[in-house]
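Derivation of every value follows stated rules applied to the coordinates shown; laboratory data play no part. This is a predicted model, so every value here is computed, not measured. We place every Cβ from the backbone using ideal geometry, glycine too, and count neighbours over all the protein chains shown.
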Amino acid sequence: MKKIITLLFVAFTNLLFSQVNCDLTYTRTLSGFDVYIHNPSGATMYRAKFYIDADGSPRAYGPNNSGLDWTANAGYPGNWWALITDTNGDPILQGPTDPYPGMYVCATSLADANYGLTNPLRYVNSETVPYIAMPTNVLADGGIIRGDVAYVYNTVTGQSCFAIYADAGNNTSIGEGSIYLASQIGVDPDVRTGGTSSGIIDYVVFPNSGFGQGYIPTIHEIDSIGNLYLNRAVVGGACIVSCIGSVFDQTAPTSVVSVPPMWDTTNFIASFADADNGGCGGTVAKRFYQVADYDANNEWRANNTHGFFNDDFVAPAINADWTTSTGTWILNAGNYLEQTDEVLSNTNIYAPLTQDLSDEYLYNWTGTLGGAGTNRRAGFHFFADQPALSERGNSYFVYFRLDNDKVQIYEVVNNSWGSTFVAESDYDFNANQAYDFKVLYNRINGLVTVYVNNTKVLSWTDTTPLTTGSHVSFRSANCTYKVDNFKVFRSRTSSENISVGSGNTNDIRYQNQDQFTPAGKISSVVTDMNGNISTAAMENINVDFTSPSTVSSINDGSTTDIDTTFNGTQLKANWANSADVNSGLVGYYYAIGTTPGGSNIVPWTNNGSNTSVTEAGLSLVHLQTYYVSVQAENGALMNSSVITSDGQIYFNNAVGIESLVSGNSEIRVYPNPTSGQFTISTKQFSGETTIRVIDVLGKEILTNLITGTEVQIDLSQQGSGLYYVMLVNNGKQYCTKVQVNK
């Protein structure tokens, strides 16, 4: 009673503060069923078959198979493992005062110390007590002792029952319980024909939870202790079994990829929102992502030096990433990769892949096995370091056997996988049927997990795992083998930095071919603690990391280039088109200033897609030069280089240039008048001098730049009339006039 009261307090305390936690440690696999330790509670957990154990029933065995079970299941002369024998080794028969006179006395590992060795009441009666049998190696892994309490759940019927560990099983098989337990959870309790070979029964065994050897508890005591330990393990009690299967959670988790909107021009952060919608507080367990990019050959590829791989096998020829070592590998109609040689027992096509950048990798492809043979098989090597060798050096290999209906895992060491597989499970394969294969490998803890059509079918842990691998390889034997949609994902956190730019140092190495065809995509896959795996979430990425082309030419004015304007309130300009093949051209920006590239008159302004501009409402300064600058912008909001016009001078006819004419001695024009040719001479000018000749209407006839003190001007092609000569030197402006007479 004291023990039960203490457990009640502990259970209540944990019920208030604990939550579902599926932190599991894999220990071993027996007859295809994985065994785990639930770290928060210490419970041993597994999902397995249910074999009926009649031991302990006083009518379990009798002479000439007269008991509930075949006598052979209790042993044989000289080796009776389930029966109490006399000093000669012969089974002891029950006497007149025993429950079933003439039947053998059958033992269980757990015994009631109040009765003698030959008394049938000493042992746990399979017909009246819910108990399980467990292999000794599993007991040792989890610290389980006789009498410890278990929770047993039928995932098909939904029925459950508490039980005690009361009998030992062999070390190669797991999943066994009493007649009474079978009846309580909806399993056929017939000892000879009942039970189930399907892995549909969940077992959760709590260490140090029972009364130990020497006492057989009542069903009430078993239930009381079981409820305490179950609720102590997790809020909601029975939800703990969701940690070993999809009993309460048959819903796959979900993932959403979020990337910056619009266009990416450089590195960016991809964020992931993962959720598990299953019951019992299910949580996302593993997270993977893949970055793919669209190359110039119109193929979705991925940077294998960054631990990603993508091949949809849609090109006219096998991509250069692959090396064909043995076999006849072809791209069938550009739809899938196929190996067609049914004679060879070991074909090989391999590709490089860096596999040491994340803790865990997910390999996914569609595979179809066919052919006319009777031993057809195919599979996949990963973490291979010598791919050209027969067994790929050091690697892991997953084999799918079509005719044997098996999934197998092999460990390859020094180009040998030893005598046999390291793990195996059954799967009903059909010829020429496509299957979705997924293999997960954790290079830190060595866990290999295999999914077929998104159902977990096999797992195995390498205690000395491979931590690096340089290649992957597909392999077939005596069959045809179709492979499609091969993708490799890496484990991730809730966000990842995605590198963008030309060259193999980046995740996304290409730009959009046009504004409608994305250059990259990011995919995400997650699993939950119950083994459910999500569909791939995907987000397209538009990439442009080059600026649009620079405008090739710009003119002052509305058509051809002008040098002088007479409108004091507006300026005009026009320019050639820019282009951007990646994100498309959005438009142009312009600015106006009194210096080349300046924006002191009109700041940078969006002009849309127009290639001309009229800027009105200005107050221009007489004889001031104005410059228009233009740059283009693409869909990624990147700008071209700036191009600037050669400028236009504003001439105010109301002021007139005559007012600027001076009679100083710094400049001299001769002959004047002239028939067309004349000389301009300066006395004290230094550096560069800009010379402009303007007619009486303000039209600029010519512009010249001199560095000396004298220059000849030729106006012989112009008409007779008065012309003005303007000179600018060292920031000062001078003006004189010349008469041309013809």
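The simple spin-label model puts a point 7 Å past each Cα toward its Cβ; for residue 720 and residue 455 those points are separated by 10.9 nm.
Need the C-alpha centroid separation for the range 91-153 versus the range 480-497, integer Å. For the range 91-153 versus the range 480-497, the Cα centre distance is 51 Å.
At q = 0.14, 0.22 Å⁻¹ the log10 of I(q)/I(0) for the range 657-740 amounts to -0.41, -1.07, computed by Debye summation with a single uniform scatterer per C-alpha, solvent ignored. Taking 0.36 nm per residue of separation and subtracting the Cα-Cα distance, full extension of the segment from residue 299 to residue 610 would add 108.3 nm. Stokes-Einstein diffusion for the chain at 37 °C, viscosity 0.692 mPa s, with a Kirkwood radius from C-alpha pairs, works out to 99 µm²/s. The length gained on full extension between residue 502 and residue 70, counted as 0.36 nm times the residue separation minus their Cα-Cα distance, comes to 148.1 nm. Relative to its Kirkwood radius, the Cα radius of gyration of the range 324-472 gives an Rg/Rh of 0.94. Calculated on C-alpha atoms, the gyration radius of the range 248-406 divided by its Kirkwood radius gives an Rg/Rh of 1.01.
Placing +1 on the Cβ of every Lys and Arg and -1 on the Cβ of every Asp and Glu, with no other charges, gives the chain a dipole of roughly 1140 debye about its Cα centre.
Kirkwood-type hydrodynamic radius, the range 291-354: 12.7 Å, calculated from all non-identical alpha-carbon pairs.
Note: the range 554-650, Cα convex hull, 81 Å³ per residue.
Sorting the Cα pairs of the range 257-528 by distance into bins of 10 Å, from 0 upward, gives 7, 29, 36, 22, 7, 0 percent per bin. In the chain, helices alone account for a calculated mean residue ellipticity at 222 nm of -2000 deg cm²/dmol, with every DSSP H run of four or more residues adding -39,500 (n - 2.57).
Relative to the longest principal axis of the Cα atoms of the chain, helix 2-17 runs at roughly 20 degrees. Of 538, 103, the sequence from fewest to most neighbouring Cβ atoms within 10 angstrom is 538, 103. Using alpha carbon centroids, what distance separates the range 311-343 and the range 507-530, in Å? If we compute the Cα centre of each part, the gap is 24 Å.
One decimal place: the segment residue 333-residue 737 gains 137.2 nm when fully extended, by the rule 0.36 nm per residue minus the C-alpha distance. Over the range 130-266, the fraction of Cα-Cα pairs per 5 Å bin, rounded to whole percents and listed from the shortest bin up, is 2, 9, 17, 21, 18, 12, 5, 3, 2, 2, 3, 3, 2, 1, 0. Once Rg and the Kirkwood radius are both taken over the C-alpha atoms of the range 412-479, their ratio Rg/Rh works out to 0.97. Taking the longest Cα principal axis of the chain as reference, the axis of helix 219-233 is set at about 20 degrees.
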